[in-house]
Amino acid sequence: MRVMAQMSMVMNLDKCIGCHTCSVTCKQAWTNRSGVEYVWFNNVETRPGLGYPRRYEDQEEWKGGWVRTRNGRLKLKAGGKLKKLATIFSNPKMPDIQDYYEPWTYDYDMLLNAPAGEQTPVARPVSLLTGEPTKITWSANWDDDLGGSTATMADDPILQHMSEHVAEEFEQTFMFYLPRICEHCLNPSCVASCPSGAMYKRSEDGIVLVDQDKCRGWRMCVSGCPYKKVYFNHKTGKAEKCTLCYPRIEVGLPTVCSETCVGRLRYLGLVLYDVDKVAEAASVEDEHDLLEAQRDVFLDPHDPAVIAQARADGIPEDWIDAAQRSPIHRLISEYRVALPLHPEYRTMPMVWYIPPLSPVVDVVAGSGADGEDARTLFAAIDKLRIPMEYLAGLFTAGDMEPVAESLKKLAGMRSYMRDVNLGAERDESIAASIG
Ligand code: SF4
Ligand code: SF4
């Protein structure tokens, strides 16, 4: 066992209202500059939907800069020197500006200097790239318009599937929000794919950064990151990404997105992990075993053997203390309610999610039954408004059991607290059901 420390985040999706405060405050702090107008280090996606950049989850489409070696490590695709150079120069699989969205602003001239007329004048949206009226056809969160947006549906198999569903059973449509930042992965493919050695993972806290002096603008990191969380600044010609607000972290402040989150849903903290288990966990073949293997790299910060090894490996005493006070290990390994986003990418993401709870859909109106009560939910977990299959596709490579485990605990806790607040007697059957 070799112990290292990692800054990580758990987001509770049950509480996200899609207000974008996190995105806007992050943008103000980090990407409020020319060259990165289209860039959102923090974005909040509408689910189901295309994501940002659109279709980034279609790994076959974007498979570009990296391959997984037999020991689970990731490295730059292509073999010999010449082949490698050819890959670097062509860098074939990158999203273009329309996949992010065309940045635009308003032409207020139309509003302020419009001649008198019968209609109220409006400011005209103009492209920040061309200065002309924007021809934008898609943008992040346009999939909010699930009910009638044939434009987005025609483009996306998931939404097409949804639209069939809409036609059949309109009341069973669903949506929720998924905030995303760089995952600061334990096995980062952006680092593996950078030919210049500019991308690096800090050894002290695992934050993944770009050395702006070393970056040569190859953009292999952009195609290499399966989460598409590295961006190209077309003014400086360098790659940029979420820094996990390291200047704030270093002085004991939370990231801007965590501090300003309206839902208070971002839990930020240190975890201790066994660096010797990373390659093993990343190379697990059977996708059903991936989640447990990835959970297994985390170490219990209260275990005396772990504490002794952490000290021997040079982890400072106050960091061990911080890991013990952090909620991350508890949410991931102890309570087992947090799940990783796309563990099958095998980069070992370090932003985990508590899946959103939703009511049972076929509770008969007027029956007096409560669609959100744990007892109802335990009996009909396969009939939740947000289907478990969909959540499993996001968080467990399709395995529904861990999603059910997490949702049952959330529902149990909610019902228990409701009983407590109403002064009702504690229902032991709830505790017994969630273990
Ligand atoms: Fe790198 Fe992408 Fe992982 Fe962030 S999410 S560390 S950019 S591979
Ligand atoms: Fe969701 Fe919080 Fe961001 Fe609002 S600020 S969109 S609640 S993560």
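Each value in this text was obtained by applying a stated rule to the coordinates, not by laboratory testing. Remember, it's a predicted structure, so these values are computed and weren't measured experimentally. Note that each Cβ is placed from the backbone with ideal geometry, even for glycine, and that neighbours are counted across all protein chains shown.
Is there a pair in Lys15/Lys238; Lys27/Lys383; Lys27/Lys201; Lys93/Lys277; Lys93/Lys214 whose C-alpha atoms are over 28 Å apart, and which pairs would that be? Going by Cα-Cα distance, Lys15/Lys238; Lys27/Lys383; Lys93/Lys277 fall outside the 28 Å limit.
A simple spin-label model places pseudo-atoms 7 Å from Cα toward Cβ; at Ser283 and Leu128 they are separated by 4.4 nm.
For Glu250 and Glu428, the FRET efficiency from 1/(1 + (r/R0)^6), where r spans their Cβ atoms and R0 equals 56 Å, is about 0.75.
Using Cβ point charges alone (K and R +1, D and E -1), the dipole size of region 273-365 about the Cα centre works out to roughly 380 debye.
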